[in-house]
1. Out of all the residues in the stretch 377-386, is one or more out of contact with any Ser or Thr (no Cβ under 8 Å at 6 or more places or on another chain) and not in a helix (DSSP H, G or I)?
2. Anything in the stretch 37-66 that is hydrophobic (A, V, I, L, M, F, W, C) and more than 39 Å from the chain's Cα centre (by Cα)? List them, or say none.
3. Out of (1) farther than 23 Å from R689 by Cβ; (2) open to solvent by 10 Å² or more (accessible area, probe 1.4 Å); (3) at pLDDT below 85; (4) of a type in the set (D, E, K, R), the odd one out for D742 is which?
4. For the stretch 107-125, which residues satisfy the criterion of being under 17 Å from K66 (Cα atoms) and either aromatic (F, W, Y) or part of a loop (DSSP other than H, G, I, E, B) (or both)?
5. So, of the residues in the stretch 265-276 that are in contact (Cβ under 8 Å) with a residue 12 or more places away in the chain and surrounded by fewer than 17 Cβ atoms within 10 Å (Cβ to Cβ), which turns out to be nearest to the chain's Cα centre (by Cα)?
6. Tally time: how many residues in the stretch 422-434 are assigned to a helix (DSSP H, G or I), of a type outside the set (S, T, Y) and at pLDDT below 85?
7. For the stretch 711-723, does any single residue satisfy the condition of being within 29 Å of L624 (Cβ to Cβ) and charged (D, E, K, R)?
8. Determine, yes or no, whether L344 is modelled with pLDDT of 95 or more and touching a Phe, Trp or Tyr at 6+ places or on another chain (Cβ under 9 Å).
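The values are calculated or read from the model by the stated rules, or taken from the named source; none is laboratory data. This structure is a prediction, so every number in the text was calculated from the model and none was measured. No Cβ is skipped: glycine too gets one built from the backbone with ideal geometry, and neighbour counts run over all protein chains shown. Side chains included, ligands, DNA and RNA excluded: accessible areas come from the protein's heavy atoms. Shrake-Rupley method; radii C 1.70, N 1.55, O 1.52, S 1.80 Å.
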Amino acid sequence: MPDAEIGRIHIEDELKRSYLDYAMSVIVARALPDIRDGLKPVQRRILYAMRELNLTPDRQHTKSAKVTGETAANYHPHGGEVIYPTIARMAQPFSMRYPLVDGQGNFGSIDGDPPAAMRYTEVRLSPYALACLEDIDRETVDWRPNYLQDRDEPVVLPGKFPNLLCNGGTGIAVGMATNLPSHNLTEVCNALLHRIANPDCSLDDIMMHVPGPDFPTDGLILGVKGIRQAYETGRGTVVMQAKTQIEPMEHGKSAIVVTELPYQVNKKALIESIDELVKAKKIEGITGLNDYTNRLGIRVVIELRRDVDPNRILNYLFKHTQLRTSFGCIMLSLADGVPKTLPLLNILDDLIKHRRDVIRRRTEYDLYRAQDRAHLLEGFQIATRFLDEIIALIRASETAETARREMVIRFGMSSIQANYILSIQLRQLARMETQRIDDEFRNLLRHIGALQHILSAPARLTELMIEEWTELRDKLGDARRSKIIAREPGEIADEDLIPEEDTIVTISRDGYIKRVDLDSYRTQRRGGKGVIAQTTKEEDTVDQLFQVSTHHYILFFTDRGRVYRLKAYEIPESSRQSKGSPVINYIAIFSGERVTATQSVRDFKSGGFLTMVSRKGEIKRTALERFQNMRANGLIAFDLEEGDELGWVHLTPGDSDLILVTRNGMSIRFHEIGANSRGRAAGGVRAIRLGADDVVVGCHVVEDDATLLVASERGYGKRTALSDYRGQTRGGKGLITMNVTDKTGPVVGAEIVNDEDVLLLITENGKGIRLRIKEVRTIGRNTQGVRLVSLRKDDRVANVTKVVEREIEEMEEVDLTG
């Protein structure tokens, strides 16, 4: 080829163009369904080929191989390896909510068994497919040449059956995917009828008719949040769960019986996964696993030991197997030839628009055919009026063309009418035939008027659409299979899997949180060196430490007076040496905020008050129920004065005494009713009058027959009977509770304790030590106390908390000389 005929292009441009061509070919011609009929091209071609073979529901089945060959030969160029699996899937009642193919033979099973070869199975159209194809021969849809260019194929089917919503579908294209759930035909028809009657209706109105998907394998759907999100945005997650029941067995045993499975769950694989959990000893208590599934339905029996809780085993299986799984809705389809992710209302509107267009085109087709026939009959009536003259004209004419021309000129016929008169047989001119044609002509005129009324009056066209979908609903509609349970998943099941036990939660000053098993802290004698409790990052110190049950809510109060909520088990359990994870990973605190107080709560409706105290001695009480509804970004709990910080929060019943301890060794005891209950976002009132440079370091609810333990920065501490602290009026200066000196250092914390309690101290260098409270003797208020822990010169006590234990292990002697 001469150089002048060679063009140059950039390879980037060619790759981009070629890839886009390939991508659009996959998107439009293979992977995505059309929103109008809900079919991919291969499905549409199979159904049309079956119609061409006249495989209607009232005919005999024919071999799948014949349908596959007919489709491959005339319409689909990708071969039988693609076509037959598609036919098989359209015949599987566990894959399609309304199978479009009526199959005879082995088309696979829910256990994942493949269908038999195409030479052994037989197929015909189902009534649902016939409804998709209805009126296709009346110019209701557009056509295009097939890949051989020797015949035409439909671009889309008329789609009286709303297949996109009823059967859903999956497909993976280039850079996008679709995953449409199936729905109930009766509900979809009702939603379409409601949308037609109320074009401006809301999603809530439509969801009164379509509450959610309806899967072919029945099962349960948990919650409506994901459903609404999918219907509202086109994307959402629907949580599905098997239908199970617990049945009693002999000898006091019980069994979990599975009777319905989530959609697309392979039963055989599910049973194998449960068996693997048993063999790996990840679940104990299952003694037998049997599959009694038959033609009547699914029945998988999981036999249990007599001593196990069947509900706990069932919850574990929901958590770790496909007895509970999710369906990710991606409501993507081709709308006007373009892939779009559409919410439910838009899909309904497009289905109505398509159906309206089909009825209009069908009516126009019928009108043109009726007008053509009326035109011929009108010519026949002219011929009967001038019968003798026309016969004479025909006999006198030398050719048919001469006769036709003379009839047009002399009797005012059209060429079409004249040709029709020349082609009819003489017997049609008999009196009876003439009367029949006259009756047909009059009926035809009435029919033409009705068709013209449909085209000129949109309300009449809408009436036809309503009549047809009502008829479809009444004829082919059925009851819902998947039961929707309003409770959102995970609200109870997750907690049921977590054993309820006491645990230690620590929060560092720089905002790192961790949960540690209580037994990780070795009990030691008073004055021991301690064990490493937390590996904190450089210059970080332990700030909050508390004991809590794994099933309690933890309320996190920050220095700025905001409150956040979390379940204790949601904090991952860590080793004693780990530094934990940033608290911002679990609660959405603002930048610069830090958690300064916590409170565990089992039930927000149990009554009582959250009593809050700030570092500068302000106090506030608010009813606990005010904190029941918590937002992800927290709530305002205390309107603090500038420069103040929220430090302590207690759950009080309303008739308790409080005692506050300050850094300089002062304390005050008063009744909580002295601080009136206030609104959640309100500020506080004065609890104690502080001296210069003094702050509150501890606040507790007074307990009968208990003692107040205070600990200082240099490791000294003391216990004093609470009876030594007389009640005072809120807002006073208080009494001396510890003689603070350079030797003791300022007070860092205080606890109300009894002899059976254990004290846990955390130092700034991350060491922790537990000691029995009964080893700390009770002394008067105005004293320095005794040494609680031996510290290095560069270390200080950061925090103290009591740990309640019913049994204390025997403790080894610790060398105190170091």
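1. Yes, the conditions are met somewhere in the stretch 377-386.
2. Across the stretch 37-66, the qualifying residues are L53, L55, A65.
3. (3)
4. Quick first cut of the stretch 107-125, residues under 17 Å from K66 (Cα atoms) only: 107, 115-125.
The answer is F107, P115, A116, A117, M118, R119, Y120, T121.
5. Among residues in the stretch 265-276 that are in contact (Cβ under 8 Å) with a residue 12 or more places away in the chain and surrounded by fewer than 17 Cβ atoms within 10 Å (Cβ to Cβ), the one nearest to the chain's Cα centre (by Cα) is N266.
6. Looking only at that region, the number is 7.
7. no
8. Answer is yes for this residue.
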